[in-house]
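Peer 1: Have a look at this one before I ask anything.
Derivation of every value follows stated rules applied to the coordinates shown; laboratory data play no part. Computed from a predicted model, the values in this text were never measured in an experiment. Note: ideal-geometry Cβ built from the backbone for every residue, glycine included; neighbour counts use all protein chains shown.
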């Protein structure tokens, strides 16, 4: 992935490393002079006023700048429009991921015409739901269950992970929110004294973790994870 701040020499080196080709500076300049205005126009294009679902996530890259590598976060917004088609609403580059930068990204969506989002699917980044509420106060936030499970298992001893996962499944695979809450109570009764941080994380985030229970099964599969936008990230890496 090329950064706007990369020099022609950096781009040439990147192409040579990846494809074994040496491209003249003049040719790179001619290509970028054509592409950059089009990219900027795409970034600033008007959007629909309403989106049923938007997935938001960031992927981290190492980018070479001024002879050294630095970490960058690419903020990706993937929307499902009212016609049932997915479209990338925006790609934003920043030094790192944070709720404050997401706030500016969401404000950009609003400035480009988006008035409301029904469901926003996001990871568990601290302050993310609050950032969404600041711009789109009526939007329902669904935290990614897969991210939550991964983060939970980091704190569970390897010898207990298989048993813990077996007891955790009835929580997120429950047929109803009420059944999920009963399963969470049982999980806490069995594991709460050993892993209070994990249980508290589920309790504290439950409002946003459990939003998908109010929808039918075919919609739950779409919104309970950020896999849709992670597929976009996979295509960017290839």
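Peer 1: Which residue, 226, 70, 176, has the most motion in a Gaussian network model of the chain that connects Cα atoms within less than 10 Å?
Peer 2: Taking springs between Cα atoms under 10 Å, the residue moving most is 70.
Peer 1: Taking only the alpha-carbon atoms of the stretch 38-112, what semi-axes of the equivalent ellipsoid follow from 5 times the gyration tensor eigenvalues under a square root, in whole Å, largest first?
Peer 2: Its equivalent ellipsoid spans semi-axes of 26, 13, 12 Å.
Peer 1: Rounded to the nearest 10 degrees, what's the angle between the helix 99-111 long axis and the longest principal axis of the chain, both from Cα atoms, 0 to 90?
Peer 2: With rounding to tens, the tilt is 70 degrees.
Peer 1: Helix 161-172 versus the longest principal axis of the chain: what is the Cα-based angle in degrees, 0 to 90, to the nearest 10?
Peer 2: Relative to the chain, helix 161-172 is tipped by roughly 90 degrees.
Peer 1: Could I ask something else about it? In the set (i) 18.8; (ii) 20.1; (iii) 17.5, which value of Kirkwood radius over Cα pairs in Å was calculated from the structure you see?
Peer 2: Of the listed options (i) 18.8; (ii) 20.1; (iii) 17.5, (ii) comes from this structure.
Peer 1: Moving to a separate point now. Report D for the stretch 132-238 in µm² per second (integer): Stokes-Einstein, Kirkwood Rh on Cα pairs, 10 °C, 1.306 mPa s.
Peer 2: 106 µm²/s
Peer 1: May I ask for the angle, rounded to the nearest 10°, between helix 8-19 and the longest principal axis of the chain, with both axes built from Cα atoms and the value confined to 0 to 90°?
Peer 2: So the helix axis and the longest Cα principal axis differ by about 60 degrees.
Peer 1: A further question follows. Taking the mean number of other Cβ atoms within 10 Å as a proxy for protection, how do you rank 114-120, 228-234 from highest to lowest?
Peer 2: Result, highest mean first: 114-120, 228-234.
Peer 1: Roughly speaking, what is the centre-to-centre gap between the stretch 139-194 and the stretch 30-95 when only Cα atoms are used, to the nearest Å?
Peer 2: 33 Å
Peer 1: Pick out which of 127, 26, 113 has the largest mean-square fluctuation in a Gaussian network model of the chain, springs linking Cα atoms closer than 10 Å.
Peer 2: 26
Peer 1: If you don't mind, there's one more thing I want to ask. Which one of 102, 202, 42 has the biggest mean-square fluctuation once the chain is modelled by GNM with Cα springs under 10 Å?
Peer 2: 42
Peer 1: Please give the calculated 222 nm ellipticity per residue for the chain, where each DSSP H segment of at least 4 residues contributes -39500 (n - 2.57) and the sum is spread over every residue; nearest 500 deg cm²/dmol?
Peer 2: Value at 222 nm, helices only: -15000 deg cm²/dmol.
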